[in-house]
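The values are calculated or read from the model by the stated rules, or taken from the named source; none is laboratory data. Please read all numbers here as calculations on a predicted model, not as lab measurements. Virtual Cβ from ideal backbone geometry, glycine too; neighbours counted across all protein chains shown.
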Amino acid sequence: MGMPIIENSGISRVQSITDLVESVSLEQAALAHILNAEGEKLQKTLGNCATFDITIENHLREYDFVYEGNVVYRGISEQGYAFAVFELVDSISGATTLVYCYEVNNFIQPGNHYDQFLLQGNNGISETDANRIRNILFHSFPYISVAAVRAASGIGTLTQAECITATQLAIWRLKDNFVLIHSNANVMALLTWYLELPPLAIQIDPSSIVLTGQSLFAETGCGALFTFSTTGTNYDGTTIPLTYSFDKDIVAIYGAVIQESTINGITTVTVTNLPSNANFTLGVVGTQYLPMDAYTYINSQDLTGLFFQTNYMSAQSNYLCIGNCGTSVILIEKSVNEMIDAVSTLEVVLQLKLAKFKDCLCDRNP
């Protein structure tokens, strides 16, 4: 930063006072640069005291869905094509879900295992058509009642079998461009209505944990301050509980002092009285219950349907105290505080100078 230069801009009294006011402004700008430099010095020193190595992860719950041969609901067969809703069972938890066929030309086989993926556009379907299928599923039996389908479509005489048949035909039309003219008038009317539905964007928005760490001032040893939170909610609007733990007993091993508080959804954990080379991992976990959304189930015959998923959130900080953060930091903090006091005093002087200039301007004409 160069030294400020104020050129003599005239000999009038008003212009001279203007130059002096300009000099005060330049002095104030210089003071701001000094304070900023002192702050950067302090941050640099604190940054060298310890490392935090923060990582954040999210993943949806993993299922191993199996088709065990259970056909739950049937539609109205036509031209050699059958229409049905199938049940998949998770081999791990026993959870079940109901699905439609996603492809028209492959046949579902008992014993098949399926990997679950969020319904999105890919090489076989555009993002727009995938989102159109999502909206169709949200307006289809068994995810809503037959009465709800009747009310939404305006077709008051729909049966369960007609709803299933029209849904399957709509999925095949968008996925494989498959066209079948069904002899049932209600099926064709509902199919037409389904194909007029607009795309519906992905419904889930998995949250993440926000975890931060910073060094604390300490007379002796090291100290660390961690904060964690998440801005997301469960599908029903309730908050997502977060819990934390350490990978070792830092109180017994290091004599650490731990304090915790939560304000406005942000939890703060302070750890003090740590010796040099102290190391530990702080882990934070949470479970988010996501809203219903459309998924595909992939095997030789792909399937699709609505499902409530679960988002498992985790974050961790691998903390290492590199050295004693106390003495040097305390001295720098003292230096910064003295600098702030000096700047504050000088600012008062500058304000008094400006006030005097104002009085001079008002006393008499130039």
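Structural remarks
- Single residue of 92, 76 found to be among the aliphatic types (A, V, I, L, M) and closer than 29 Å to residue 230 by Cβ: 92
- Consider the stretch 145-187 and keep the residues that are among the aliphatic types (A, V, I, L, M) and free of Cβ contacts under 8 Å to residues at least 12 places away in the same chain. The one that is farthest from residue 84 (Cα to Cα) is 151.
- Of all residues in the stretch 121-141, those that are within 11 Å of residue 174 (Cα to Cα) have Cβ atoms under 6 Å from Cβ atoms of residues that are in a helix (DSSP H, G or I) and modelled with pLDDT of 95 or more, 6 or more apart or on another chain, in 125/175; 129/174; 132/174; 133/171; 133/174; 136/170; 136/194.
- When residues of the stretch 218-273 are limited to those that are aromatic (Phe, Trp, Tyr) and outside any strand (DSSP E or B), the one surrounded by the most Cβ atoms within 10 Å (Cβ to Cβ): 254
- Here 221, 286, 305, 265 are screened, and the one residue that is touching a strand residue (DSSP E or B) at 6+ places or on another chain (Cβ under 6 Å), within 22 Å of residue 50 (Cβ to Cβ) and not basic (Lys, Arg) is 221.
- Count - residues of the stretch 276-318 that are touching a Gly at 6+ places or on another chain (Cβ under 9 Å), modelled with pLDDT of 95 or more, more than 28 Å from residue 111 (Cα to Cα) and among the aliphatic types (A, V, I, L, M): 3
- Filter result (surrounded by fewer than 18 Cβ atoms within 10 Å (Cβ to Cβ), modelled with pLDDT of 95 or more and assigned to a strand (DSSP E or B)) within the stretch 202-217: 210, 212
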